[in-house]
Amino acid sequence: MAKAFMKGNEAVAEAVIRGGVDLFAGYPITPSSEMLEYASDHMSDIGAKFIQVESELAASTMLSAAGLIGRRAFTTTAGPGLALMTENLSNMILSRVTALFIVVQRAANNITPEQADYNYATKGFGHNGQRGYVIAPSTVQEAVDLAYTALDKGQELEVPVLFMMDGMLGQMEEPVDLPPYKESKRSATVVPPTGCAGRQKIDSRSMPRPQSYTETMEDALERARNQLFQENLRWVDEEVKYDEYMMDDAEYAIVSYGSSARIMRDAVKILRERGVKVGLFRPITLFPFPEKQIAAFKDRGIKGVLTVEMAIPPMLHYDVKMHLDRSIPCRFYNRCGGNTVDEYEAAEAMEKLIEEVRK
């Protein structure tokens, strides 16, 4: 392991490069532009290709093409750029190919941190309602560790990977241990196109096609989507990742992710000093979501839950509330517009919830 002191954006780009990537295709957009700049300098270190394209649509098209021939590619963007990639994300899901999309979330009206792309990432990005693999780190070191293996996971699951950072994590500097370089690995299941001669239809990763004279185009699309849905069901439980902080004896829980969650560790400490048994539950995978773990809060004796995020209206909150036992009150504290959450305000919101529970 090589030790370094790096900005989050640059550390993540370095981790992806060390993870064995073949192509970077992207368009600059704040607050993720340092990743593009870093990739332009360092992709050649491993003999990989760097392309600055004319738009986010072009970037996602190149990533889709790379995935179709089994190669590993990544890009960086923010919310406005992610919106322009929607069509290609849809096609990648249906084609069962992967690429890594690193999203440094920002506010709608400025370039400061926010977590407002949660619904886009977790509710079926693209037009077909399917899901990808969505991960959200809360420290620069965790971002490095997750980015290093993200392309491997995408190839294993045959889905695009959305790596959900935000402007706070992307711009902060922290010490990191960088992993060793590893070789690029072509997909074991994707067969590169070599023309139509001698090529079976099953090798194609294009849009679903009828497999018999009696199957219509509509039936083929329905069959393909149902197959994707069933395959997702097989790995969602296995791929759930989450972290707990002081949850062993907790009577109340804060649920938060990413940069907000790292701030909430201090809120837990404040409340513990006041004699309140509070813990922090942090989803690391936003999809698959830790549904069963949150549903088990009742059996663990949790009396109330506060969700904390940088998004108005709240988004994570409703996923937590959906899976939480209805007898447990669930409230939210959130900020937006580039205002980060505050540990003292969160502690106050939790104390109000506790008063409500005790009445």
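The figures follow:
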{"item": "Nitroxide proxy distance, nm - points 7 Å out along Cα→Cβ at TYR181 and LYS298", "result": "5.5 nm"}
{"item": "Fully extended contour minus Cα-Cα distance, from ALA188 to ALA108, at 0.36 nm per residue", "result": "24.8 nm"}
{"item": "Partners for LYS269 among lysines (Cα-Cα distance below 19 Å; same-chain residues under 8 apart left out)", "result": "LYS277, LYS303, LYS352"}
{"item": "Beta bridge orientation in the chain: antiparallel %, DSSP, nearest 5", "result": "30 percent"}
{"item": "For the chain, fraction of C-alpha pairs farther apart than 28 Å, in %", "result": "45 percent"}
{"item": "Residue-span extension gain [ILE312 to PHE5] - 0.36 nm each, minus C-alpha spacing", "result": "107.2 nm"}
{"item": "Farthest positive-ward along the chain dipole, Cα basis, beta-carbon charges - from SER259, ILE51, MET85", "result": "MET85"}
{"item": "Loop chymotrypsin sites (Phe, Trp or Tyr not before Pro), segment 199-293, which have at most 13 other Cβ atoms in a 10 Å radius of their Cβ (DSSP)", "result": "TYR213"}
{"item": "The chain, relative contact order in percent, only Cα pairs under 8 angstrom and at least six apart counted", "result": "18 percent"}
{"item": "Length released on extending from SER44 to ARG225, taking residue separation times 0.36 nm less the Cα-Cα span", "result": "61.3 nm"}
{"item": "Cross-link partners of LYS185 among aspartates and glutamates (Cα-Cα below 12 Å; sequence separation of 8 or more within a chain)", "result": "ASP22, ASP152, GLU156"}
{"item": "At most 15 other Cβ within 10 Å, DSSP loop - trypsin sites (Lys or Arg not before Pro), segment 34-132", "result": "LYS123"}
{"item": "Approximate spin-label separation ALA65-ARG326, in nm, with each point projected 7 Å along Cα-to-Cβ", "result": "5.3 nm"}
{"item": "Probe 1.4 Å, all protein chains present, accessible-area order of LYS153, LYS269, LYS359, largest first", "result": "LYS359, LYS269, LYS153"}
{"item": "Label-point gap, in nm, between ASN119 and GLU239 - each point 7 angstrom along Cα→Cβ", "result": "2.4 nm"}
{"item": "Stokes-Einstein D in µm²/s, Kirkwood radius over Cα pairs - segment 28-98 at 10 °C with 1.306 mPa s viscosity", "result": "125 µm²/s"}
{"item": "Carbon and sulfur %, accessible surface of the chain computed with the full protein complex present, 1.4 Å", "result": "51 percent"}
{"item": "Options SER32, ALA4, GLY20, ranked by Cα towards positive dipole end of segment 1-41, top entry (Cβ charges)", "result": "ALA4"}
{"item": "Under 13 Å from LYS321, Cα to Cα: aspartates and glutamates that are on another chain or at least 8 residues apart", "result": "GLU291"}
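The values are calculated or read from the model by the stated rules, or taken from the named source; none is laboratory data. Not measured: the values here are computed from a predicted model. Every residue, glycine as well, gets a Cβ built from its backbone with ideal geometry; the counts of neighbours run over all protein chains shown. Heavy atoms of the whole protein, side chains included, go into the accessibility calculation; ligands, DNA and RNA do not. Shrake-Rupley method; radii C 1.70, N 1.55, O 1.52, S 1.80 Å.
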